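Have a look at the structure below before the remarks.
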Amino acid sequence: MTTEVTEIEKGKEFGDPKLYNNVHKIDLQEYYSSGHRTCQGCESALVMRDFIKASGPRTVVTGATGCMYVANTSYMTTPWVVPWMHTQLGGGGASAIGMAAGLRALMRKGKIAKEKINVINFSGDLGGGDMGLGGISNALQTDYDLLVIMYDNESAANTDIQATNLTPYGAQTTFTPTGSKERIMQKRWKKNVAPMLAIGHPNCKYVATACATFPPMDYMNKVKKALSIGGPTFIHTLDPCPKGWDYHPRYSGDLGQLAINTGIWPVYEIVRGEVRYTYDMTSKKRTPVREYLEKQGRFSHFKDEDYQFFQETVDEMWEEWEIPGIAPVKGTLKVRK
Ligand SMILES: Cc1ncc(C[n+]2csc(CCOP(=O)(O)OP(=O)(O)O)c2C)c(N)n1
Ligand code: SF4
Ligand SMILES: [Mg+2]
């Protein structure tokens, strides 16, 4: 069954996540503060800053290797105001399980007060979507309250922009440079991680996709819902990256919005097996993908036929997939309540 969520009050079904209905209600206190060295216009940094605002100070964070580890922990500095731990590149899922299990044991033994402490892991598209996928799968089959946020800048950005399985078709990276004989070196379509995890993990009641800047407050409210529903949960964000995507940092917000309006990045939630578009591109006119692609240097080698192929594939996602824009499978998703 698919529906569109338009009322913020629908959050009530998640317990009481105290969703934002107005930007003025967002906490002014920073828990991901100054002291990091991410690039100007880095949307992954915004993903960090916003999730920790939404979850609040009673949170422990584990972060897999990548830009959001390296740029955030230069020697003797860190932007994290909450307890934070680095974990190995593919170790996001295991670190979240270990943290949640440790907190549960300490509370059971009376060593720390019983209270709700949020456990959040962030992993990149290589660390989470490729290398650490098995560990995240394992985390989503547990009964621990934990949230994995996969921040996706569509490359292994920290090691100088190598292609991952989440790099879009045709993009130039240091692994897939365009050549004089072969123009397109990256020929895979982007791996579709969120539906894969939602369909395969009956213990996971909440899976969502998001973008930090658009629609406004949507990402932060998804973090709140994920933390309130209980059990393991997963959010996949698309993060424009000025360095890897090759554009002026001032356009990060515009590119996020264009990714959604072109239909390239569908934003939705899968709540206890029910799919809900949070920005329903099935009923809106999609912007031509060319407007998004031609603003980024990584697609500067594209010719008309490449734009056309990209457009046709996005059209197929929305017009021919069984769950438009989300999954090419037949039937409805069902999970155990
Ligand atoms: C097992 C292992 N292999 C390779 C590396 C080198 N390495 C460090 S960060 C990184 C890229 C991570 O990419 P991603 O998870 O997408 O995060 P991003 O850097 O894009 O933020 C790589 C390959 C490593 N740290 N550990
Ligand atoms: S390379 Fe990209 S993800 Fe890494 S800090 Fe710079 S903008 Fe952010
Ligand atoms: Mg990455």
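Across the range 62-80, which residue is surrounded by the most Cβ atoms within 10 Å (Cβ to Cβ) among those that are over 19 Å from the mean Cα position of the chain (by Cα) and among the hydroxyl-bearing types (Ser, Thr, Tyr)?
Filtering first and then ranking leaves 73.
Of all residues in the range 148-188, how many are surrounded by 16 or more Cβ atoms within 10 Å (Cβ to Cβ), free of Cβ contacts under 8 Å to residues at least 60 places away in the same chain, within 16 Å of ligand 3 (Cβ to nearest atom) and closer than 16 Å to residue 300 by Cα?
3
If you scan the range 169-215, which residues turn out to be part of a helix (DSSP H, G or I) and in contact with a Phe, Trp or Tyr (Cβ under 6 Å, 6 or more places away or on another chain)?
We begin by selecting, within the range 169-215, every residue part of a helix (DSSP H, G or I); these are 193-200.
Residue satisfying the conditions is 197 alone.
Would you be able to say whether some residue in the range 29-37 is more than 15 Å from ligand 3 (Cβ to nearest atom) and assigned to a helix (DSSP H, G or I)? Can you show your working first?
In the first step, residues of the range 29-37 are kept if they are more than 15 Å from ligand 3 (Cβ to nearest atom); the result is 29-37.
Narrowing further to those that are assigned to a helix (DSSP H, G or I): none.
Looking through the range 29-37, none of the residues is more than 15 Å from ligand 3 (Cβ to nearest atom) and assigned to a helix (DSSP H, G or I).
Quick one: is residue 215 crowded, with 18+ Cβ neighbours inside 10 Å and not hydroxyl-bearing (Ser, Thr, Tyr)?
Details: crowded, with 18+ Cβ neighbours inside 10 Å: no; not hydroxyl-bearing (Ser, Thr, Tyr): yes.
The answer is no for residue 215.
Please enumerate the residues belonging to the range 235-254 that are closer than 18 Å to residue 122 by Cα and in a loop (DSSP other than H, G, I, E, B). Write out each step before concluding.
Quick first cut of the range 235-254, residues closer than 18 Å to residue 122 by Cα only: 235-241.
Correct list: 239, 240, 241.
Can residue 94 be described as more than 16 Å from ligand 2 (Cβ to nearest atom), touching an Asp or Glu at 6+ places or on another chain (Cβ under 7 Å) and touching a residue at least 12 places away in the same chain (Cβ under 8 Å)?
On the way: more than 16 Å from ligand 2 (Cβ to nearest atom): yes; touching an Asp or Glu at 6+ places or on another chain (Cβ under 7 Å): no; touching a residue at least 12 places away in the same chain (Cβ under 8 Å): yes.
For residue 94, the condition - more than 16 Å from ligand 2 (Cβ to nearest atom), touching an Asp or Glu at 6+ places or on another chain (Cβ under 7 Å) and touching a residue at least 12 places away in the same chain (Cβ under 8 Å) - is not met.
Considering only the range 146-165, state which residues are within 16 Å of residue 92 (Cβ to Cβ) and in contact with a Leu (Cβ under 8 Å, 6 or more places away or on another chain).
If the condition is that a residue be within 16 Å of residue 92 (Cβ to Cβ) and in contact with a Leu (Cβ under 8 Å, 6 or more places away or on another chain), then 147, 148, 152, 156, 164 are the ones that fit.
State all residues of the range 32-62 that are in contact with a Ser or Thr (Cβ under 8 Å, 6 or more places away or on another chain), within 15 Å of ligand 1 (Cβ to nearest atom) and either on the phi > 0 side of the Ramachandran plot or not hydroxyl-bearing (Ser, Thr, Tyr) (or both); if no residue qualifies, say none. Talk me through it step by step, then tell me what you get.
Looking only at the range 32-62, we keep the residues that are in contact with a Ser or Thr (Cβ under 8 Å, 6 or more places away or on another chain), and these are 35-38, 41-47, 52, 62.
From the residues that got through so far, the ones that are within 15 Å of ligand 1 (Cβ to nearest atom) too are 36-38, 41-47, 62.
Those that are in contact with a Ser or Thr (Cβ under 8 Å, 6 or more places away or on another chain), within 15 Å of ligand 1 (Cβ to nearest atom) and either on the phi > 0 side of the Ramachandran plot or not hydroxyl-bearing (Ser, Thr, Tyr) (or both): 36, 37, 41, 42, 43, 45, 46, 47.
Given the structure, is residue 267 without any contact (Cβ under 8 Å) to a residue 60 or more places away in the chain, over 17 Å from residue 170 (Cα atoms), crowded, with 19+ Cβ neighbours inside 10 Å and away from ligand 3 (no atom under 16 Å from the Cβ)? Write out each step before concluding.
Values: without any contact (Cβ under 8 Å) to a residue 60 or more places away in the chain: yes; over 17 Å from residue 170 (Cα atoms): yes; crowded, with 19+ Cβ neighbours inside 10 Å: yes; away from ligand 3 (no atom under 16 Å from the Cβ): yes.
Here the answer is yes, as residue 267 does meet what is asked.
Just one of (1) of a type outside the set (Phe, Trp, Tyr); (2) more than 14 Å from ligand 3 (Cβ to nearest atom); (3) assigned to a helix (DSSP H, G or I) trips up residue 48, so point out which.
(2)
When the range 274-329 is examined, which residues are found to be free of Cβ contacts under 8 Å to residues at least 40 places away in the same chain, under 25 Å from residue 161 (Cα atoms) and part of a loop (DSSP other than H, G, I, E, B)?
Across the range 274-329, the qualifying residue is only 294.
Considering each residue of the range 13-55, count those that are of a type in the set (D, E, K, R) and farther than 25 Å from residue 205 by Cα, and give that number. Give the derivation first.
First, the residues of the range 13-55 that are of a type in the set (D, E, K, R): 13, 16, 18, 25, 27, 30, 37, 43, 49-50, 53.
Adding the requirement that they be farther than 25 Å from residue 205 by Cα leaves 25, 27, 30, 37, 43.
Result for the range 13-55: 5.
Quickly run through the range 51-65 and pick out the residues that are outside any strand (DSSP E or B) and out of contact with any Asp or Glu (no Cβ under 8 Å at 6 or more places or on another chain). Before the answer, list the steps.
Step one: list which residues in the range 51-65 are outside any strand (DSSP E or B), which gives 51-58, 65.
Result: 51, 52, 54, 55, 57, 65.
Of all residues in the range 216-234 being over 18 Å from residue 100 (Cα atoms) and not in a helix (DSSP H, G or I), which is modelled with the lowest pLDDT?
216
Quick test for you: out of 139, 171, 210, pick the one residue that is of a type in the set (A, V, I, L, M) and over 24 Å from residue 262 (Cα atoms).
Working: 171 fails: over 24 Å from residue 262 (Cα atoms); 210 fails: over 24 Å from residue 262 (Cα atoms).
Just one listed residue meets the conditions, 139.
Pairs needed: first member in the range 22-46, within 22 Å of residue 210 (Cα to Cα); second member anywhere, exposed (fewer than 11 other Cβ atoms within 10 Å of the Cβ) and at pLDDT 95 or above; C-beta distance under 7 Å; at least 6 residues apart or different chains.
Sorted first by the residue in the range 22-46, then by its partner, the pairs are 41/250.
All but one of (1) modelled with pLDDT of 95 or more; (2) away from ligand 1 (no atom under 15 Å from the Cβ); (3) over 15 Å from residue 223 (Cα atoms); (4) not small (Gly, Ala, Ser) hold for residue 78; state the number of the condition that does not hold.
(1) is the only condition that residue 78 fails.
Against the condition closer than 29 Å to residue 71 by Cβ, more than 11 Å from ligand 1 (Cβ to nearest atom), surrounded by fewer than 24 Cβ atoms within 10 Å (Cβ to Cβ) and under 15 Å from the mean Cα position of the chain (by Cα), how does residue 191 come out, does it pass?
Numbers: closer than 29 Å to residue 71 by Cβ: yes; more than 11 Å from ligand 1 (Cβ to nearest atom): yes; surrounded by fewer than 24 Cβ atoms within 10 Å (Cβ to Cβ): yes; under 15 Å from the mean Cα position of the chain (by Cα): yes.
Yes; evaluated as a whole, the condition is true for this residue.
The values are calculated or read from the model by the stated rules, or taken from the named source; none is laboratory data. Computed from a predicted model, the values in this text were never measured in an experiment. A quick note on method: Cβ atoms are made from the backbone with ideal geometry, for glycine too, and the neighbour counts reach across all protein chains shown.
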